[in-house]
Amino acid sequence: MDVKGTVAIVTGAARGIGQATALALAREGAGGVVVADVKAAELEQTAEQVRAAGAEVLIAETDVSDLASLRAMFEETEARFGRLDVVHNNAGIGEGPSTWPEVAPERAAAIIDVNLRGVVLGTQLALEPMKRSGGGVVVNTSSGGAFVPLPPQAVYVATKAGVVHFTRSCVALHASHGVRVNAVCPGIVETPMVHETGEGGIADWLKPLVDAIEPLRPEDIAEAVLALVRDDSKVGEAVVVENQPRAQ
Ligand SMILES: NC(=O)c1ccc[n+]([C@@H]2O[C@H](COP(=O)([O-])OP(=O)(O)OC[C@H]3O[C@@H](n4cnc5c(N)ncnc54)[C@H](O)[C@@H]3O)[C@@H](O)[C@H]2O)c1
């Protein structure tokens, strides 16, 4: 798909990977970008950058774990722009400073709701608007953790494995709705999320992993997302973006 003139939704767009994708879409010529996040106040910063890159912006205070909130955002998008071409279901949370199994059950439930429920519903709600627009592309953010057991973040990696399996099971939506669903699976990316894994910084269990690799930049993941949007041959794929070993 040619990104020029498209209308795109990016969730978790207030910072990190979502912010980078929203900006990359605008730079590539998207006509309208919906920046969606629970952190409404912080969305303005992303919106400013997207506008400066030449796209129209809709700021949507959205909780992806809440069906009514998600539905309202999709309806507002179509009402404002009249079409929908791209959705990056990217919002996600981890165990935070707590680890499995000490993580509060409420937090465990929230991880499942944001990371898996949000992606499933964000894909489902995109189908009809994209069909009306002549087809579209959904990119779901999973994680390299989808393929590797990570005991301190057992809930997080379970949801990310679910995102991969869900994405691979959406292949038929290409024939039925003209919608290609793919996933991006980043390694460790330099975003605020990594620094919130511990109390006031990177978690002790994560430090040896971070020390061993070159961190990816949010822009690296945004480029992988755009590659999946552009390449019409990609359907039901989970593309891994790996870290390189740290240079000595
Ligand atoms: N940073 C990494 O190393 C890494 C690695 C692999 C995968 N990921 C995934 O990439 C995605 C983006 O992560 P990031 O590193 O940019 O993290 P981040 O914490 O910097 O950004 C995530 C954004 O999602 C938003 N969000 C959280 N809950 C939400 C909800 N219910 N509804 C709407 N928005 C919500 C947050 O407010 C935040 O702005 C996540 O799905 C994460 O799991 C990150």
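What follows draws every value from the coordinates through simple rules; no lab data is involved. All values derive from a computational prediction rather than experimental measurement. So basically every Cβ, Gly included, is an ideal-geometry build from the backbone, and we count neighbours across all protein chains shown.
Set the Förster radius R0 to 22 Å, insert the Cβ-Cβ distance between Glu199 and Ile112 as r into 1/(1 + (r/R0)^6), and round the FRET efficiency to 0.05. Mind showing how you got there, number by number?
Details: r = 23 Å, r/R0 = 1.06.
Efficiency for this residue pair is about 0.40.
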| Once label points are set 7 Å from the Cα along Cα→Cβ at both Glu223 and Ser98, what is their separation, rounded to one decimal in nm? | 3.8
| What's the local net charge at Phe166, with K and R +1, D and E -1, over the other residues with C-beta under 11 Å away? | +3
| remark: If each part is reduced to its alpha-carbon centroid, the stretch 54-70 and the stretch 140-165 end up apart, in Å, by 24
| request: Specify the inter-centroid distance of the stretch 186-248 and the stretch 100-116, based on alpha-carbon positions, in whole Å. | output: 21
| Roughly what angle does helix 40-52 make with the longest principal axis of the chain, taking Cα atoms, 0 to 90 degrees, to the nearest 10? | 60
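Once fully extended, how much extra length lies between Asp232 and Glu128, figured as 0.36 nm per residue of separation less the alpha-carbon to alpha-carbon distance?
On the way: separation 104, 0.36 × 104 = 37.44 nm, distance 1.93 nm.
Length difference between fully extended and current span is 35.5 nm.
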| Relative to the longest principal Cα axis of the chain, at what angle does helix 67-81 sit, 0 to 90 degrees, rounded to 10? | 40
| Tell me, what is the percent relative contact order of the stretch 93-248, built from C-alpha pairs under 8 Å that lie six or more residues apart? | 27
| request: Can you pull the one-decimal nm distance between simple spin-label points at Glu48 and Ala68, each 7 Å off the Cα toward Cβ? | output: 3.3
| field | Arg80-Ala175 pseudo-label distance in nm [points 7 Å out on the Cα-to-Cβ vector] | value | 3.6
| query | Any idea what the dipole of the stretch 130-248 comes to, in debye rounded to 20, about its Cα centre with Lys/Arg Cβ at +1 and Asp/Glu Cβ at -1? | reply | 640
| Magnitude of the Cβ-charge dipole of the chain, K/R +1 and D/E -1, about the Cα centre, nearest 20 debye? | 660
| note | If amide H atoms are modeled at 1.01 Å from N in the peptide plane, then the residues at a separation of 5 or more from Val181, or on another chain, having amide H under 5 Å from its own are Val138, Gly236
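Please give the FRET efficiency for Lys207 paired with Ala41, using the beta carbon to beta carbon distance and R0 = 35 Å, rounded to the nearest 0.05. Write down the numbers at each step before the final one.
Details: r = 31 Å, r/R0 = 0.88.
After rounding, the FRET efficiency stands at 0.70.
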| note | Fewest-first ordering of Met193, Met130 by Cβ atoms within 10 Å yields Met193, Met130
| message | Over the Cα atoms of the chain, what radius of gyration and what Dmax do you get, in Å? | response | 17.0, 53
| remark: Ranking Ala79, Ile188, Ser142 by how far each Cα lies towards the positive end of the charge dipole of the chain (+1 on Lys and Arg Cβ, -1 on Asp and Glu Cβ), the top one is Ala79
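Could you work out the mean projected area of the convex hull around the alpha carbons of the stretch 1-106, in square nanometres to one decimal?
7.3
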| Rounded to 10°, Cα long-axis angle of helix 118-132 versus longest principal axis of the chain | 20
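Any idea what the relative contact order of the stretch 33-121 is, in percent, if you count C-alpha pairs under 8 Å spaced at least 6 apart?
Working: 87 pairs, mean separation 23.4, N = 89.
Relative contact order comes out at 26 percent.
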